[in-house]
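Just so you know, all these numbers are worked out from the coordinates, no wet-lab data involved. These figures come from a predicted structure and were not determined experimentally. All Cβ positions, glycine included, derive from the backbone under ideal geometry; neighbour counts span all protein chains shown.
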Amino acid sequence: MSSQAVQDYLKAIYALSGEGRPATTGEIADRLSVAPPSATNMVKRLARRGLAKHTPYRAVELTEAGRRLALTMVRRHRLLELYLERVLGLGVEQVHEEAERLEHALSDALETRLDDLLGHPASDPHGEPIPPRVRPAEAGRLPG
Ligand SMILES: [Zn+2]
């Protein structure tokens, strides 16, 4: 399981549970365009790593560790979108796809640098809030 896949699953589960109830493996599969058995399999792996909790045939929720990693990815994604728009001059409609790729390569140091350069922005070019930094002592290592 690649760290990129782990990060994408954590983000998907985080986004789905933002709708006020736990995600199902079917919804996760839909969101990531994978077959439901693949999603179920991956969720079990996340559970073994202590990043998610899974009740068979029911809900998938992130653990605190999983939530912190998901928030880190959301933060990096949105900082990158703003950077791509404001500094590199990409159109708002272009920034999401590029940020989806770049977010997996961003280090803690570069994340800090981007945040400083952009003046600690509160929202991305789509108007979505940029979550505050998860402190390193809390975040642990990104898996992979
Ligand atoms: Zn985006």
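Have a look at 65, 47, 70 and point out the one that is assigned to a helix (DSSP H, G or I) and without any contact (Cβ under 8 Å) to a residue 24 or more places away in the chain.
Just a single option satisfies the conditions, and that option is 47.
Quick one: what pairs do we get from the stretch 114-133, first residue more than 16 Å from residue 88 (Cβ to Cβ), second more than 13 Å from the ligand (Cβ to nearest atom) and among the small types (Gly, Ala, Ser), C-beta under 7 Å, 6+ apart or different chains?
Listed by first residue and then by second, the contacts come to 129/122; 130/122.
What about residue 80, is it part of a helix (DSSP H, G or I) and either touching a strand residue (DSSP E or B) at 6+ places or on another chain (Cβ under 8 Å) or of a type in the set (Asp, Glu) (or both)?
Judged against the criteria, residue 80 is not a match.
Working only within the stretch 83-111, note down all residues that are within 17 Å of the chain's Cα centre (by Cα), more than 16 Å from the ligand (Cβ to nearest atom) and not hydrophobic (A, V, I, L, M, F, W, C).
The answer is 107, 108.
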